[in-house]
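Each remark here refers to the structure printed beneath this line.
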Amino acid sequence: MRIALDRLSRSFDGREVLHSMDFDDEVSTLAIIGPSGGGKSTLLRIIGGLLVPSGGELSIDGRLVLFNERDLVPYRAGLGYVFQAGGLFHHLNARENIALPLRVVHGLSAEAATARAEELLARLGLAAEGDKKPVQLSGGMQQRIAIARAIAPGPQLLLLDEPTSALDPEYTSEVLDLIGALKAEGMRFIVVTHELGFARHACEKLAFLYEGSIWEYGPSEQLFQNPQTPELERFLSKLLEWRV
Amino acid sequence: MAPITGRVPPLRAALNYLAVCVLVILVFWASLSIINVSLDFGFVARYATRIGDGFVLTVLISVCSMVASLVLGAVVAAGKSTRILPLRYACDLYVRVIRGTPLIMQIYLFFYIIGTAWGVDNRLVAGVMILSFFEGAYVAEILRGSLLSINETQIEAARSVGFTRVQTVRYIIGPQMVARTLPALTGQFASIIKDSSLLSLIAVIEITQTLREISATNFQLFEACLLMGALYLVLTLPIMLISSYFEKRLDYAS
Ligand SMILES: Nc1ncnc2c1ncn2[C@@H]1O[C@H](COP(=O)(O)OP(=O)(O)OP(=O)(O)O)[C@@H](O)[C@H]1O
Ligand SMILES: [Mg+2]
């Protein structure tokens, strides 16, 4: 899937946090890394159609994304989005969290939607948890169900904003394993993450977002082995400092 | 003392509750015998129709006021976040003045000045209007509080799965607000029932006024008071139980 940013920018209260970003490449699995406040979430929300840019353009496969509510609703429905935490609907059980959008947005019948939800839960080994509300589930289960909800309608692209940052380490790997398995099935995704091992080994491309600009971009392995800028070098060494 | 956590076994809870009730009744009984009062509820049968009518009117006033104050409260809650400034400030002023002054003052003021000036001379209609106006300010605050407590991420998640604005309200915000407001709104209904007793001040013949009139002729003030308390509890206790049931049932939002 070809993603192109053309002088894309975004300001909040007069302060620019994304500066005239240019990007044009085929994306299958992309990790976005960078220090806090660098604009990673802002960029992902714009790509996901959740935030309107202040300037510039975004196109997907050569088609310009029109940032008005009427065009954005179907655009968002064609993507999957996973939040850092708390993205499951509190008042619905796990099964309904997956089935409701399938019925309301994608027009599936009640039976078909429930069957699809059950199928995904079973695949994740969560068949027994279908009746539970999000608060009754562990953080790792919640995130896996959030991923299941995002992929249920078969989106063209999955966007994940720090899907494991709010998790205890023991749950992090079960979520990363799931994303890895989806990749093996051909799922395309963009993930914002601090899990450098995952970014390096599970994502083909890597973007280093620093102070509102794409500071470095390229094949993951290459960026890890051979950072071109002192900023990326410092960022990597800081995150790897305490690694066993 | 350490706070009690976890559930008390039901039997133990019931026995302790019963013991407390018995104790309260004993203290009351002792007080009555100290001041040499013996109770005689013979008048209840004599005035059964009037008491029944008063009771029904209290229920009627309360139900009407509940519905009207819900509508008013919803409008004011929405008005408090509108971009039309005069409307926003009007809603704000309304809530502050109503919540900041006693109901008794509002009843006199509205009935004798505004009611007289604009020709609302049906006491029942005026009473329901005044009570709805009073409770509406509290309902507005309940609704507004729960609207503000809806998590941003929930709305963002709803947009991300492709819901339109209307679908987001219908499937996510609406149900979550109902779950959050239902306990408080049922509690508010109990308040309305109690507050309606003040309408006796403008001679609406609801249950308080009925019993006041009866005790003015037979001088059995204590009995009238006790009966009044019992009749209000008949209405408010079940409502309080429903409220705490909702609280437990719908307690899932983190
Ligand atoms: N809704 C908003 N209103 C005002 N400022 C915002 C808003 N969202 C983001 N910002 C600001 O934009 C900048 C970039 O934020 P963003 O959340 O995109 O960073 P990030 O790279 O995702 O950081 P983190 O790793 O902490 O999640 C920050 O300085 C932040 O304060
Ligand atoms: Mg972020």
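The values are calculated or read from the model by the stated rules, or taken from the named source; none is laboratory data. Fair warning: this is a prediction, and the values are worked out from it, not measured in the lab. FYI the Cβ positions are ideal-geometry reconstructions off the backbone, even for glycines, and counts take in every protein chain you see.
Quick test of your reading of the structure: A:Arg70 fulfils all but one of (1) in contact (Cβ under 8 Å) with a residue 40 or more places away in the chain; (2) of a type outside the set (S, T, N, Q); (3) surrounded by fewer than 19 Cβ atoms within 10 Å (Cβ to Cβ). Name the failing condition by number.
Result: A:Arg70 passes all but (1).
Return the residues of segment A:44-69 that are more than 9 Å from chain B (Cβ to nearest Cβ) and part of a helix (DSSP H, G or I); say none if nothing qualifies.
Result: A:Leu44, A:Ile46, A:Ile47.
Would you point out which residue out of A:Arg200, A:Arg149 is surrounded by 13 or more Cβ atoms within 10 Å (Cβ to Cβ), more than 16 Å from ligand 2 (Cβ to nearest atom) and within 14 Å of another protein chain (Cβ to nearest Cβ)?
That would be A:Arg149, the only listed residue that is surrounded by 13 or more Cβ atoms within 10 Å (Cβ to Cβ), more than 16 Å from ligand 2 (Cβ to nearest atom) and within 14 Å of another protein chain (Cβ to nearest Cβ).
Would you mind telling me which numbered condition in (1) in contact (Cβ under 8 Å) with a residue 12 or more places away in the chain; (2) away from ligand 2 (no atom under 16 Å from the Cβ); (3) under 25 Å from A:Leu50 (Cβ atoms) A:Ile190 fails?
So the condition that A:Ile190 fails would be (2).
Hey, among the residues in segment A:26-43 that are surrounded by 14 or more Cβ atoms within 10 Å (Cβ to Cβ) and part of a strand (DSSP E or B), which one's farthest from ligand 2 (Cβ to nearest atom)?
Here is the first cut: in segment A:26-43, the residues surrounded by 14 or more Cβ atoms within 10 Å (Cβ to Cβ) are A:27-35, A:38-43.
If we keep only those that are part of a strand (DSSP E or B) too, we end up with A:29-33.
Working: A:Thr29: 19, A:Leu30: 16, A:Ala31: 14, A:Ile32: 10, A:Ile33: 11 Å.
For segment A:26-43, the residue satisfying everything is A:Thr29.
Restricting to segment A:154-176, and then to whatever is under 21 Å from A:Arg95 (Cβ atoms) and touching a strand residue (DSSP E or B) at 6+ places or on another chain (Cβ under 8 Å), can you tell me which residue is nearest to ligand 1 (Cβ to nearest atom)?
The selected residue is A:Pro163.
Please give the number of the condition B:Thr168 fails out of (1) touching a Leu at 6+ places or on another chain (Cβ under 7 Å); (2) within 14 Å of chain A (Cβ to nearest Cβ); (3) among the polar types (S, T, N, Q).
(1)
Scan segment A:207-234 residue by residue and report those that are farther than 14 Å from A:Pro35 by Cβ and in a strand (DSSP E or B).
Listed by number, the residues that qualify are A:Tyr217, A:Gly218, A:Pro219.
Pull out all pairs, ordered by first then second residue, where Cβ-Cβ is under 7 Å, the residues are six or more apart or on different chains, the first lies in segment A:31-49 and is on the phi > 0 side of the Ramachandran plot, and the second is in a helix (DSSP H, G or I) and within 11 Å of ligand 2 (Cβ to nearest atom).
If the second residue must be in a helix (DSSP H, G or I) and within 11 Å of ligand 2 (Cβ to nearest atom), the pairs left are A:Gly34/A:Lys40.
Given the condition over 28 Å from B:Gln154 (Cβ atoms), within 16 Å of ligand 2 (Cβ to nearest atom) and surrounded by fewer than 20 Cβ atoms within 10 Å (Cβ to Cβ), answer yes or no: does some residue in segment A:230-241 qualify? I'd like the intermediate steps shown before the answer.
First pass over segment A:230-241, keeping only residues over 28 Å from B:Gln154 (Cβ atoms): A:230-241.
Pick out the ones that are also within 16 Å of ligand 2 (Cβ to nearest atom) and you get A:235, A:239.
With the extra rule that they be surrounded by fewer than 20 Cβ atoms within 10 Å (Cβ to Cβ), the set shrinks to A:239.
The answer is yes, given that some residue of segment A:230-241 is over 28 Å from B:Gln154 (Cβ atoms), within 16 Å of ligand 2 (Cβ to nearest atom) and surrounded by fewer than 20 Cβ atoms within 10 Å (Cβ to Cβ).
Any chance you could count how many residues in segment B:166-189 are charged (D, E, K, R) and closer than 17 Å to A:Leu102 by Cα? It would help to see each step written out before you state the result.
First pass over segment B:166-189, keeping only residues charged (D, E, K, R): B:170, B:180.
Then drop every residue that is not closer than 17 Å to A:Leu102 by Cα, which leaves B:170.
Number satisfying all stated conditions: 1.
Based on this model, can you work out whether A:Ile179 counts as touching a strand residue (DSSP E or B) at 6+ places or on another chain (Cβ under 9 Å) and either at pLDDT 90 or above or on the phi > 0 side of the Ramachandran plot (or both)?
Working: touching a strand residue (DSSP E or B) at 6+ places or on another chain (Cβ under 9 Å): yes; either at pLDDT 90 or above or on the phi > 0 side of the Ramachandran plot (or both): yes.
Yes.
Going through segment B:136-155 one residue at a time, which ones are farther than 22 Å from B:Ser69 by Cα and surrounded by fewer than 18 Cβ atoms within 10 Å (Cβ to Cβ)?
Taking segment B:136-155 first, the residues farther than 22 Å from B:Ser69 by Cα are B:150-155.
Within segment B:136-155, B:Ile150, B:Asn151, B:Glu152, B:Thr153, B:Ile155 qualify.
Would you check if B:Phe43 is under 23 Å from B:Thr236 (Cβ atoms) and modelled with pLDDT of 85 or more?
Working: under 23 Å from B:Thr236 (Cβ atoms): no; modelled with pLDDT of 85 or more: yes.
Against the criterion (under 23 Å from B:Thr236 (Cβ atoms) and modelled with pLDDT of 85 or more), B:Phe43 does not qualify.
Check off (1) at the interface with another protein chain (Cβ under 7 Å from one of its Cβ atoms); (2) modelled with pLDDT under 95; (3) touching a Lys or Arg at 6+ places or on another chain (Cβ under 8 Å) for B:Arg144 and give me the number that stays unchecked.
(1)
Which residues, counting only those in segment B:219-237, are loosely packed, with under 15 Cβ neighbours inside 10 Å and either of a type outside the set (A, V, I, L, M) or farther than 21 Å from B:Ser31 by Cα (or both)?
B:Phe219, B:Cys225, B:Gly229, B:Leu233, B:Val234, B:Leu237
For segment A:46-64, give me the residue count where each residue is crowded, with 16+ Cβ neighbours inside 10 Å and closer than 21 Å to A:Pro155 by Cα. Before you say what the answer is, go through the steps one by one.
Within segment A:46-64, the subset crowded, with 16+ Cβ neighbours inside 10 Å is A:46-51, A:53, A:56, A:58, A:60.
From the residues that got through so far, the ones that are closer than 21 Å to A:Pro155 by Cα too are A:46-51, A:58, A:60.
The number of residues fulfilling the criteria is 8.
Mind checking which residues of segment A:127-146 are farther than 30 Å from A:Ile46 by Cβ and either buried (at least 19 other Cβ atoms within 10 Å of the Cβ) or in contact with a Leu (Cβ under 8 Å, 6 or more places away or on another chain) (or both)?
A:Ala127, A:Glu129, A:Gly130, A:Lys133
Filter segment A:30-42 down to the residues that are hydroxyl-bearing (Ser, Thr, Tyr) and at pLDDT 95 or above and list them by number.
Of the residues in segment A:30-42, the ones hydroxyl-bearing (Ser, Thr, Tyr) are A:36, A:41-42.
The answer is A:Ser41, A:Thr42.
Quick grid of which residues meet (1) away from chain B (no Cβ under 11 Å); (2) in contact (Cβ under 8 Å) with a residue 24 or more places away in the chain; (3) of a type outside the set (A, V, I, L, M, F, W, C):
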position	(1), (2), (3)
A:Arg95	yes, yes, yes
A:Leu108	yes, no, no
A:Ala117	yes, yes, no
A:Leu120	yes, yes, no
A:Lys133	no, yes, yes
A:Gln136	no, no, yes
A:Gly139	yes, yes, yes
A:Arg144	yes, yes, yes
A:Pro153	no, yes, yes
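If we scan segment A:80-100, do we find a residue that is part of a strand (DSSP E or B) and either aliphatic (A, V, I, L, M) or away from ligand 2 (no atom under 16 Å from the Cβ) (or both)? So that I can check it myself, show each step before the final result.
The initial filter retains those residues of segment A:80-100 that are part of a strand (DSSP E or B), namely A:80-82.
Of the ones still in play, those that are also either aliphatic (A, V, I, L, M) or away from ligand 2 (no atom under 16 Å from the Cβ) (or both) are A:80, A:82.
Taking every residue of segment A:80-100 in turn, at least one turns out to be part of a strand (DSSP E or B) and either aliphatic (A, V, I, L, M) or away from ligand 2 (no atom under 16 Å from the Cβ) (or both).
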